[in-house]
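Written below as structure tokens is the structure these notes are about.
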Amino acid sequence: MNAITKIIEKYRNFPIQLKASFWFLICSFLQKGISLITTPVFTRLLSTAEYGQYNVFNSWLGIVAIFVSLNLSYGVYTQGLVKFEEEEKLFSSSLQGLSATLVAGWTVIYFIFRKFWNDLFSLSTVQMLAMLVMIWTTAVFGFWAAAQRVHFHYKMLVTVTLAVSIAKPVVGVFFVIHAADKVTARILGLVLVELIGYSAFFWIQILRGKKFFCYKFWKHALLFNIPLIPHYLSQTVLNSADRIMIERMCGADEAGIYSLAYSISLIMTLFNTALMQTISPWMYKKIKTKQIGTIAPIAYLTLCAIAIVNVLLIAFAPEAVAIFAPASYYDAIWIVPPVAMSVYFMYSYDLFAKFAFYYEKTKFITAGSVIGAISNILLNFIFISQFGYCAAGYTTLACYIVYSVGHYIFMNKVCDAFCDGARPYSMKVYLLITLSFMLIGFILLFTYSYNLLRYGISVVLTGVIFLKRKRLVGMLNRIIEVKNIP
């Protein structure tokens, strides 16, 4: 009982930033867990064809949302919350207004050319309208959630996120069971939950800011995000082109095995998201006040944290694959290591790109993303045909390395122009962390056929972490101390 009391007491003494980071991470894992648990339910309620149609809808949703909403609730909004800190309420309400206007405008365009759009996407009118509603509700929640993260208001955010995450499958199961058109029922279940769960935040931010239209902020957001459309599309290509190409070049079975490995590896992006959502506002403030030198210590520590969790995944990839799928998927273990390493570089890119985002050098962001996407398609075409579908894991890793290097170069160009030539990060330190991580990852990969050796290395690594736990806690305290500097 004393131990529990001590833990509770320590938790109460945590700074709000640390509490927020902890709950955002827990929330992300619970969201993913609910999704994984309910997937087998829907695969049994829907036929193979119906499940395929539903996933096609989700694929189109991700692409169409980029054009309809311009992803306004992403980078430009978080950047704007810091840049226009004194006008935050006005900025938030006007961007909610811009987002609603864009969705309404595209809805009118859809109705005028309804048959064309339905035929293009192979979706019904009800499904297309549901898609447009979901684009709006997702944007509404995105604006509100970003504002909550900036101010570390985690309690309400976690509550809403979990409530919606639980309600979606519950309502979805009910709708699917009682409907003839099960695909549309599944989609409408999502729409209903999001409308109930998210739409109130639109009115909350509109009423607080008391401004639906603001020329200054509408112009800022449009000029910032329209050039980023190729960037967002390129990210979609980086995340999905390999699976599409494997299916075409190797077959559906191979695409399924690769998809499993990719999905398992991307679970670790939850750590990326939790850390980046926590430190992004802090980084923007440091860039704004030209305190560039204080960023590196935090960045290095977070990179080490991302490296550690991905090393753990690589170490136990065979066990993870066995838990998620039957023996027919066993070959997925060989793909997990390179994709897990890619997750590390996804985080690296974000650290570098923050400078281009803040100073609105969207051409650099777009150039880096497009180069990565084109490289991915070309390398996949060459190496999948030569070495099979496993090569896609390594082309993905190579492309994210290129992606990170490109954004590192562009970051330095931005710093030359706006930060008096300061260099936020030491290349030597970054390479030391990165190469150590990759070396350990590849050593573990080569031990997959020798379980005793792999377990031995894993025990040694775990032991080192345990023995160095006080130093790690000290590092954590440094993060807290630095983050608390105004």
Selected residue (only one of TRP218, TRP203 is farther than 25 Å from ILE63 by Cα and modelled with pLDDT of 90 or more): TRP203
Return the pairs, sorted by first residue and then second, in which the second residue is of a type in the set (Lys, Arg), the first residue lies in region 75-93 and is on the phi < 0 side of the Ramachandran plot, the beta carbons are less than 6 Å apart, and the residues are 6+ apart or on different chains. VAL82/LYS285; LYS89/ARG208; LEU90/LYS211; SER93/LYS211
When you look at ILE401, is it closer than 30 Å to ALA322 by Cα, crowded, with 19+ Cβ neighbours inside 10 Å and in contact with a Cys (Cβ under 9 Å, 6 or more places away or on another chain), yes or no? no
Any residue in region 421-441 that's outside any loop (DSSP other than H, G, I, E, B): show its pairings with residues that are of a type outside the set (A, V, I, L, M) at Cβ separation under 7 Å, as long as the two are six or more apart or on different chains. VAL429/TYR300; ILE433/TYR300; ILE433/CYS304; PHE437/TYR344; GLY441/PRO337
Tell me whether region 140-153 contains one or more residues that are surrounded by fewer than 15 Cβ atoms within 10 Å (Cβ to Cβ) and over 18 Å from LYS89 (Cβ atoms). no
LEU123 meets each of (1) in a helix (DSSP H, G or I); (2) over 26 Å from THR273 (Cα atoms) with one exception, condition (1)
Search region 447-458 for residues that are over 12 Å from ALA317 (Cα atoms) and pair each with any residue that is in a loop (DSSP other than H, G, I, E, B) when their beta-carbon atoms are under 7 Å apart and the residues are at least 6 apart or on different chains. LEU453/THR447; ILE457/THR447
Sort out for me the helices (runs of 4 or more DSSP H) sitting completely within region 304-398 that have 2 or more residues that are touching a His at 6+ places or on another chain (Cβ under 9 Å) and open to solvent by 10 Å² or more (accessible area, probe 1.4 Å). 336-358, 362-387
If I go through region 177-202 residue by residue, how many of them are hydrophobic (A, V, I, L, M, F, W, C) and open to solvent by 20 Å² or more (accessible area, probe 1.4 Å)? 8
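Residues checked against (1) touching a residue at least 40 places away in the same chain (Cβ under 8 Å); (2) open to solvent by 20 Å² or more (accessible area, probe 1.4 Å); (3) under 23 Å from ASN71 (Cα atoms):
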site	(1), (2), (3)
LEU98	yes, no, yes
TYR110	no, no, yes
LEU120	no, yes, yes
THR125	no, yes, no
ALA130	yes, no, yes
THR138	yes, yes, yes
LEU157	yes, no, yes
VAL171	no, yes, no
PHE175	no, yes, no
Residues (within 30 Å of TYR262 (Cβ to Cβ) and buried (at least 20 other Cβ atoms within 10 Å of the Cβ)) located in region 409-424: PHE410, MET411
Residues of region 428-437 being under 25 Å from the mean Cα position of the chain (by Cα) and surrounded by 11 or more Cβ atoms within 10 Å (Cβ to Cβ), which ones? TYR430, ILE433, THR434, SER436, PHE437
Checking the structure you have, find out if any residue of region 261-268 is of a type in the set (Gly, Ala, Ser) and open to solvent by 40 Å² or more (accessible area, probe 1.4 Å). yes
How many residues are assigned to a helix (DSSP H, G or I) and within 20 Å of ASN71 (Cα to Cα) when one looks only at region 201-221? 12
If you scan region 157-179, which residues turn out to be part of a loop (DSSP other than H, G, I, E, B) and over 17 Å from LEU123 (Cβ atoms)? HIS178
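The values are calculated or read from the model by the stated rules, or taken from the named source; none is laboratory data. In this text the structure is predicted, and so the values were computed from the model without any measurement. Note that we place each Cβ from the backbone using ideal geometry, even for glycine, and neighbour counts take in every protein chain shown. SASA here: full protein model, heavy atoms, side chains in, ligands and nucleic acids out. Shrake-Rupley method; radii C 1.70, N 1.55, O 1.52, S 1.80 Å.
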